[in-house]
Amino acid sequence: GENVEQHPSTLSVQEGDSAVIKCTYSDSASNYFPWYKQELGKGPQLIIDIRSNVGEKKDQRIAVTLNKTAKHFSLHITETQPEDSAVYFCAASTGNNDMRFGAGTRLTVKP
Amino acid sequence: GAGVSQTPSNKVTEKGKYVELRCDPISGHTALYWYRQSLGQGPEFLIYFQGTGAADDSGLPNDRFFAVRPEGSVSTLKIQRTERGDSAVYLCASSSSSGNTIYFGEGSWLTVV
């Protein structure tokens, strides 16, 4: 089955700096890669996703890149703000209801 | 609200007791998922329903865990003879069809003492 590895497990940045979180996956058939943000005591919320037919997708301060050959994808957050502090999860799926998650990255943005 | 609804939000139970956790998916969503999340970990897949049937229950850890979705909407996750290791957040999610984006509820935090 699919195995998703996520790094780093914790990340601390200064407000205004950029943050990058990286994930690798094992199943070359995976074609859908969402990112979720989870705040304390809440369920994960989808923030951006990418499908395998594109290499990059951007939504305001958030972007995701995908390298299918290397089987890795990354989340980039620019101009970080304190409210970006949360746990971020990557996931991968072949589209057959087999979504598997990374272990998460705890992002802290210091004001 | 239009999101996935889970009840209870918190449940404390004694070791050995039986527990039921309920999930009400987004209206019209045919696919429903249960995940379990331990502290500091990502969501771990338990079971997936397409309509009324369990299409994939390969993530259920053992036969103490069971889930139903009798009318293709609300689902109940049932845990028998609870153990302290069952303590976790149980997340429910739904999607409109196979392979599409899944949306999570707020979770049910289960503590077994």
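Nothing in this text is a laboratory measurement; each read-out follows from the coordinates by a stated rule. Source: prediction; values computed, not measured. Using ideal geometry, Cβ is built from the backbone for each residue, glycine included, and neighbour counts are taken over all protein chains shown.
Given a 10 angstrom Cα cut-off, can you work out which residue in B:S87, B:S27, B:S75 is the most mobile in a GNM of chain B? Evaluated over chain B, the most mobile residue of the options is B:S27. The ranking of B:L91, A:L11 from fewest to most other beta carbons within 10 Å of each one's beta carbon is A:L11, B:L91. Diffusion of the stretch A:1-47 by Stokes-Einstein, at 10 °C in a medium of 1.306 mPa s and with Rh set to the Kirkwood radius over alpha-carbon pairs, works out to 122 µm²/s. Using a Gaussian network model of chain A with C-alpha springs under 10 Å, which one of A:V87, A:V20, A:V54 is most mobile by mean-square fluctuation? Comparing A:V87, A:V20, A:V54 in the GNM, the peak value goes to A:V54.
When each of B:H29, A:H7 is scored by the number of other beta-carbon atoms lying within 10 Å, the sequence from fewest to most is A:H7, B:H29. The value for the protein assembly as shown of Rg(Cα) / (2.2 N^0.38 Å) is 1.02. Using a 7 Å offset from Cα along Cα-Cβ at A:K57, what residues in the stretch A:14-30 end up with backbone N under 19 Å from the label point? Label zone hits: A:20-30. Over chain A, the Kirkwood radius and the radius of gyration, each from Cα atoms, give a ratio Rg/Rh of 0.96. For the stretch B:1-80, trypsin sites (Lys or Arg not before Pro) meeting the loop criterion (DSSP other than H, G, I, E, B) and having at most 16 other Cβ atoms within 10 Å: B:K15, B:K17, B:R64.
Calculate the tail of P(r) for the stretch B:30-74: the fraction of all Cα-Cα distances greater than 11 Å, expressed in %.
More than 11 Å apart: 65 percent of the Cα pairs in the stretch B:30-74.
Among A:V4, B:V113, the ranking by other beta carbons within 10 Å of each residue's beta carbon, starting with the fewest, stands as B:V113, A:V4.
Projected onto their three principal axes, the Cα atoms of chain B cover extents of 37, 27, 24 Å, largest first. GNM on chain A, alpha-carbon springs under 10 angstrom: the most fluctuating residue among A:A86, A:A19, A:A70 is A:A70. Applying 1/(1 + (r/R0)^6) with r as the Cβ-Cβ distance of B:R84 and A:T108 and R0 = 35 angstrom yields a FRET efficiency of 0.70. Checking every one of the GluC sites (Glu not before Pro) in the stretch B:1-60 against DSSP loop status and a limit of 10 other Cβ atoms within 10 Å picks out B:E14. Per-residue extension of 0.36 nm, minus the Cα-Cα distance of B:S96 and B:K17, leaves a gain of 25.0 nm for this segment. Between the alpha-carbon centres of the stretch A:37-62 and the stretch B:40-113 there is a gap of 23 Å.
Among beta bridges from DSSP that stay inside chain B, the antiparallel ones total about 90%. Pairs from the list A:K22/A:K68; A:K37/A:K58; B:K15/B:K78; A:K42/A:K71; B:K11/B:K78; A:K42/B:K17 with a Cα-Cα gap above 23 Å: A:K42/A:K71; A:K42/B:K17.
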